[in-house]
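> Below is a structure I'd like to ask you about.
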Amino acid sequence: MKDVLGIIFAEGNEDGLGALTTMRSVAAVPIASRYRVIDFIMSSMVNSGITNIGIITQRNYKSLMDHLGSGKEWDLNRKIGGLLLIPPFSSKDAMNSNTLGDLSDLSGALDFLEKSPQKYVVLSKSHLICNLNFNEAFNQHVERNAVVTILYKNLEPMSESSGLKNRYFLKTDDEGRITEIKGYSSTNDSTSISLNIYIINKEFLLYLIRDGLAIGEKGTLSEIFSRRLQHMRMMGYNCDGFVARIDSIKTYYQANMMILNQDIFGKLFFEPGLIYTKVKDEAPTKYQESAAVKNSLIADGCIINGTVENSIIFRGVKIEKGAYVKDSIIMQNSEVRENAILEHVILDKEVIIRQDIRLTGQESYLILINKGAIV
Amino acid sequence: MQKKECIALILAGGQGSRLGVLTKKVAKPAVNFGGKYRIIDFPLSNCTNSNIDTVGVLTQYQPLELNSYIGSGQPWDLDRSFGGVYLLPPYMKSESGEWYKGTANAIYQNMNFIQMYNPDHILILSGDHIYKMNYSKMLDFHIKNNADATISCIDVPWEQASRFGIMETDQNMRIVKFYEKPLTPVSNMASMGVYIFKWTVLKNYLIKDEMDTASSNDFGKNVIPTMLSEDLRIFAYKFKGYWKDVGTIQSLWEANMELLYKKPAMNMFDKGWKIYSKNAIQPPHYVADGAVIKDSLVTEGSVIYGKVKNSIISSGVKIGKNAVIENSVLFPGVVVEEGCTIKKAMIGERTVISERCEIGVAENISGQEPSKICSDGIVLIGPDLVIGKGTKIAKNVMVE
């Protein structure tokens, strides 16, 4: 995959994440005890052999910059290529961003695209929790002489209907060529849901951006591709494997809880590659005499002396004696003091739950406590 | 010319034969410790935290794993453009080349390296101690006393004093006499094997020592006694805190267990003095329904279904259902299958203990000789082994 560069949109679909994204982009939302959302797609790219990755940011990207640093944890601190953060771009003749969709967001990456020697681009949003290898899809892209390849997943059975708003469905012919890209509607009859991961010939992408900027083309990339289906060869590629999309508090919570499943855990973190993240050099977690933990994921640096069930515990969390944490997500450096009870709660970073406090949510009504709060 | 005030050299060439199978393929400083560390992480992290940014690691015995572990030094923030970490094995010179004959000779052979940084002072460390120490305080003490050499000392229990180099000092902490492993110790102030020398002074003594064919080229046996006899200003710096020589299986096991105390003497959770290590790239650890973990340290990548008490579980360890682990240290990647019982054992990297094994339960089993390496009932199982189903291993046995 030497001839492929990566572009990741750090933002989009923030609205549903409430207080989790007031101070950070969706890419930087902490997940699965020690990761940030962007780690998964970025590790997937790196494990596929991509060594040149640009990340397009829009707002509040301090937390993301802090997380990514020079990119050394992903082996992206390179002399040739490596990691490039692309902050918002605006000039007098460029269009006002945020109103015109994906192409104007991409305009900031024009320079990066032009100067990079690679001929192909893998383009994705950051909010997918997955462990993918793009080699097979890329080979298919080249062999079938496609201009764009869209990765999709078969959604069967069509169970969830709530999370399908703003999602796109594909139809392909026998050869795999895409014949239709359509936003979800009540009359939808396709089960191939787009992952919004694209493999694109760089020249075509450059053309789209320049052309789009000139005529003021609006909309998402899916819509833009849809308009050109008849003239350009666009292929679908069916991706199996676990993919969770983070676009609401509910999907965020569900994705964390799904990772507790050992089959998903084993695949998500080890196959086909490892997932990299920023190293914090915490000590191993200490279990004290009253600790009672079951079915939970626990990161390093915690001190546990209470009861934890079906929960996701991040680095440096303290759970004191008599505390009871169930079906909850406790982010970095939060503390749950003696005899406090938490059920269906998400604690953002550095929250303190004082002694004897009781917070009980429901799976359909999760309680979210903001960063740094003392309850 | 650019120069450094103080650079450090870590003596990491020791074979560590008293650690048995644990050092069969790796040098002692590369032996795993405390779940996610290796012994050398302690002096390296101490250097970083003490603002010493130039460190030479003198390797000789089985350096491969140590070399790949240290790499560019990035995990310890020691990848610097002027300075950083260097691995210094013995090498051929124009006339001849030889192994490091002793601790002083190892430094002598690397005088060119030290000269590159033209330091005022040189800090000599050893790669087999577990401790957190601020070397910059010792350096201040050394400079304030205008000392030629400063030896860091710790009070040891009197009954153990004869195992160490013992100092006798005047009221200003200037050393008047140095006894290497005395039979009848006059004090309990023992050398920790941590020295600071004025480089110009040490350089001359190293050259002199090298010319003396009768010398065994050792700091404790030769160089320091010679300096004392010539009335140099040598001071003892009192270190107060946790310090442990982990040269034997028993002391290595103890040092691991001491991390599990309710209030450990060495606080691994202190954010102001972190111990850095190379990250294993593992997910968080998973504790299953039915698992019980008490008074233990568990790190990333482990998956636990069984019962763990008073033990150290390193990265990537798998513990099956109904397995019982007590008072043990499991090194990275160890797999314990269902129904095993493991008591007071140290198990080397990636070893698989198959179903229903009983380790460290029986006092004696015919055909199993207690090992000289093990004591106090500790079972030692080497790395990369597969222990067959239902195997029983008695106390004090070493398995290779």
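The values are calculated or read from the model by the stated rules, or taken from the named source; none is laboratory data. Everything numeric here is computed off the predicted structure, so don't read it as measured data. With ideal geometry, Cβ positions are generated from the backbone for all residues, glycine too; neighbour counts draw on all protein chains shown. The area values use the complete protein model at the heavy-atom level, side chains included, leaving out ligands, DNA and RNA. Shrake-Rupley method; radii C 1.70, N 1.55, O 1.52, S 1.80 Å.
> On full extension of the chain, what length is gained from B:Phe82 through B:Asn112, given 0.36 nm per residue of separation minus the C-alpha to C-alpha distance?
Details: separation 30, 0.36 × 30 = 10.80 nm, distance 1.56 nm.
Here the segment from B:Phe82 to B:Asn112 would lengthen by 9.2 nm.
> Hey, rough spin-label estimate for B:Lys392 and A:Arg144, points 7 angstrom out along Cα→Cβ, what's it come to in nanometres?
6.3
> Hey, another quick one. Compute from the Cα atoms of the range B:28-183 the Rg and the Dmax, the latter being the longest Cα-Cα distance, and quote both in angstrom.
Reported Rg and Dmax, both Å: 17.1, 49.
> Working with all protein chains in place, sort A:Ser33, A:Ser290 by solvent-accessible area computed with a 1.4 Å probe, largest first. It would help to have the intermediate numbers written out before the result.
Working: A:Ser33 0, A:Ser290 40 Å².
If we order A:Ser33, A:Ser290 from most to least accessible, we get A:Ser290, A:Ser33.
> Moving on. Given B:Pro157, A:Ser104, A:Pro272, which one lies farthest toward the positive end of the charge dipole of the protein assembly as shown, if we put +1 on the Cβ of every Lys and Arg and -1 on the Cβ of every Asp and Glu?
Ranked along the dipole, the leading option is B:Pro157.
> Toward the positive end of the charge dipole of the protein assembly as shown, about the Cα centre and with charges on Cβ (Lys, Arg +1; Asp, Glu -1), which of B:Ile175, A:Ile53, A:Leu164 goes farthest?
The listed residue farthest towards the positive side: B:Ile175.
> Right, here's the next one. Find the percent of Cα-Cα distances in the range A:246-361 that exceed 21 Å, and round it to a whole number. If you can, show how the numbers build up before the last one.
Values: 2366 of 6670 pairs.
I get 35 percent for the Cα pairs in the range A:246-361 exceeding 21 Å.
> Can you tell which of A:Leu229, A:Leu85, A:Leu128 shows the greatest fluctuation in a Gaussian network model of chain A with Cα springs below 10 Å?
Comparing A:Leu229, A:Leu85, A:Leu128 in a Gaussian network model of chain A, the most mobile one is A:Leu229.
> Still on this structure, please answer the following. Counting only heavy atoms of protein chains, what accessible area per residue, in Å², does the protein assembly as shown have with a probe of 1.4 Å? Spell out each step's value before the answer.
Values: 31680 Å² over 775 residues.
Here the residues of the protein assembly as shown average 41 Å² of exposed surface.
> Can you give the angle from 0 to 90° between the axis of helix A:202-215 and the longest principal axis of chain A, with both taken from C-alpha atoms, to the nearest 10?
Approximately 80 degrees, to the nearest ten.
> Ok, one more. GluC sites (Glu not before Pro) within the range B:310-381: which are DSSP loop residues with at most 11 other Cβ atoms inside 10 Å? If you can, show how the numbers build up before the last one.
Numbers: sites: B:Glu326, B:Glu337, B:Glu338, B:Glu349, B:Glu355, B:Glu358, B:Glu363; in loops: B:Glu337, B:Glu338, B:Glu349, B:Glu355, B:Glu363.
Loop-located and lightly packed - B:Glu363.
> With the full set of protein chains in place, find how many percent of the accessible area of the protein assembly as shown is carbon and sulfur; take the probe as 1.4 Å. Can you show the working numbers first?
Values: 15200 of 31680 Å².
Solvent-exposed carbon and sulfur of the protein assembly as shown make up 48 percent of the total.
> Here's something else I'd like to know. Net charge near B:Lys25: determine it from the other residues with C-beta under 13 Å of the C-beta of B:Lys25, scoring Lys and Arg +1 and Asp and Glu -1.
On the way: positive: B:Lys24, B:Lys28, B:Arg350; negative: B:Glu65, B:Glu349, B:Asp384, B:Glu400.
Local net charge: -1.
> For the range B:9-98, what is the percent of antiparallel DSSP beta bridges, rounded to the nearest 5?
On the way: 2 of 10 bridges.
In the range B:9-98, approximately 20 percent of DSSP beta bridges are antiparallel ones.
> Keeping all protein chains in the complex and leaving out DNA, RNA and ligands, what accessible area do you get for A:Met65 with a 1.4 Å probe, in Å² to the nearest 10?
Only protein atoms counted, so the area is about 90 Å².
> At a 1.4 Å probe radius, which order do B:Lys28, B:Lys177, B:Lys198 fall into by accessible area, largest first? Mind showing how you got there, number by number?
Numbers: B:Lys28 15, B:Lys177 105, B:Lys198 45 Å².
Sorted by accessible area, descending: B:Lys177, B:Lys198, B:Lys28.
> Amide H of B:Gly56: which non-local residues (sequence gap of 5 or more, or other chain) have their own amide H closer than 5 Å, using H built in the peptide plane?
Correct list: B:Ala8, B:Leu9, B:Ile10, B:Tyr86.
> Counting only other residues whose beta carbon sits under 11 Å from that of A:Leu260, what net charge do I get with K and R as +1, D and E as -1?
My count for the surroundings of A:Leu260 gives -3.
> I'd like the distance between the alpha-carbon centres of the range A:160-234 and the range B:240-257, rounded to an integer number of Å.
Value for the Cα centre distance between the two parts: 62 Å.
> So if each residue of separation counts as 0.36 nm, and I subtract the Cα-Cα distance between A:Asp240 and A:Leu85, what length gain in nm does that give?
On the way: separation 155, 0.36 × 155 = 55.80 nm, distance 2.98 nm.
My answer for the length gained is 52.8 nm.
> Evaluate the charge dipole of chain A about its Cα centre and quote only its size in Debye, nearest 20, assuming +1 on the Cβ of each Lys and Arg and -1 on the Cβ of each Asp and Glu.
660
> About its Cα centre, how strong a charge dipole does the range B:21-120 have in debye, to the nearest 20, once Lys and Arg get +1 and Asp and Glu get -1 at the Cβ? Kindly include the intermediate steps, with their values, before the conclusion.
Values: 8 positive and 8 negative charges, 86 e Å.
In total the dipole reaches around 420 debye.
> I'd like the orientation of helix A:38-47 relative to chain A: the angle between its Cα long axis and the longest Cα principal axis, in ° from 0 to 90, rounded to 10.
Value to nearest ten degrees: 60.
> Then there's this: Largest first, what is the accessible-area ranking of A:Lys318, B:Lys262 with a 1.4 Å probe?
Numbers: A:Lys318 80, B:Lys262 145 Å².
Most to least solvent-accessible, the answer reads B:Lys262, A:Lys318.
> Please give the charge dipole size of the protein assembly as shown, origin at the Cα centre, charges +1 on K and R Cβ atoms and -1 on D and E Cβ atoms. Round to the nearest 20 debye. Please list the in-between numbers first.
Numbers: 86 positive and 85 negative charges, 144 e Å.
Here the size comes out at about 700 debye.
> I'd like the Karplus ³J(HN,Hα) series for the range A:15-20: coefficients 6.51, -1.76, 1.60, θ = phi - 60°, whole numbers in Hz, and an x wherever there's a Gly or Pro.
After applying 6.51 cos²θ - 1.76 cosθ + 1.60, I find 3, x, 8, x, 5, 5 Hz.
> Suppose the Debye formula is applied to equal point scatterers at every Cα of the range A:137-267; what is log10 I(q)/I(0) at q = 0.12, 0.19, 0.22 Å⁻¹?
Once normalised to I(0) and log-transformed, intensities are -0.53, -1.15, -1.34.
> Which semi-axis lengths, in whole Å and largest first, follow from the square roots of five times the eigenvalues of the Cα gyration tensor of the range B:1-88?
Numbers: eigenvalues 118, 34, 23 Å².
In descending order, the three semi-axes are 24, 13, 11 Å.
> Taking the radius of gyration and the Kirkwood hydrodynamic radius from Cα positions alone, what is the Rg/Rh ratio for chain B, to two decimal places? Don't skip to the end; give the middle numbers.
Working: Rg = 22.2 Å, Rh = 22.3 Å.
Computed over Cα atoms, the ratio is 1.00.
> Say the dipole of the range A:138-255 comes from +1 at the beta carbon of Lys and Arg and -1 at that of Asp and Glu; which of A:Leu155, A:Thr220, A:Asn188 then lies farthest toward its positive end?
Positive-most Cα among the choices belongs to A:Thr220.
> Defining a contact as two alpha carbons under 8 Å apart and six or more residues distant in sequence, what relative contact order in percent does chain A show?
On the way: 868 pairs, mean separation 58.0, N = 375.
With pairs under 8 Å counted, the relative contact order is 15 percent.
> Something else: Calculate, in whole percent, how much of the Cα-Cα pair population of chain A lies beyond 37 Å. Walk me through the intermediate numbers first.
Working: 15668 of 70125 pairs.
Result for the distance tail: 22 percent.
> Chains A and B: how much accessible area gets covered up at their contact, both sides added, probe 1.4 Å, in Å² to the nearest hundred? Before the final figure, lay out the partial values.
Details: alone 16790 and 18070 Å², together 31680 Å².
When A and B are taken together, about 3200 Å² of accessible area is lost.
> May I ask what percent, to the nearest 5, of DSSP beta bridges between residues of the protein assembly as shown are antiparallel?
That works out to approximately 35 percent antiparallel.
> As a test of the formula, what do you get for chain B when each DSSP H run with n ≥ 4 contributes -39,500 (n - 2.57) and the sum is divided by the residue count, at 222 nm and rounded to the nearest 500 deg cm²/dmol? List each step's numbers first, then the result.
Values: 8 runs with 68 residues, N = 400.
Calculated from helices alone, the mean residue ellipticity at 222 nm is -4500 deg cm²/dmol.
> Based on the Cα gyration tensor of the protein assembly as shown, what are the three equivalent ellipsoid semi-axes, each the root of five times an eigenvalue, rounded to whole Å and given largest first?
Values: eigenvalues 577, 207, 115 Å².
Rounded to whole Å, the semi-axes are 54, 32, 24.
> Exactly which chymotrypsin sites (Phe, Trp or Tyr not before Pro) in the range A:226-326 are in a DSSP loop and have at most 16 other Cβ atoms within 10 Å? Can you show the working numbers first?
On the way: sites: A:Tyr237, A:Phe242, A:Tyr252, A:Tyr253, A:Phe265, A:Phe269, A:Phe270, A:Tyr276, A:Tyr287, A:Phe314, A:Tyr324; in loops: A:Phe242, A:Tyr276, A:Phe314.
In loop regions of the range A:226-326 (DSSP not H, G, I, E or B), there are no sparsely surrounded chymotrypsin sites (Phe, Trp or Tyr not before Pro).
> With both bridge residues required to lie in chain B, what share of the DSSP beta bridges run antiparallel, to the nearest 5%?
Percentage antiparallel, nearest 5: 30.
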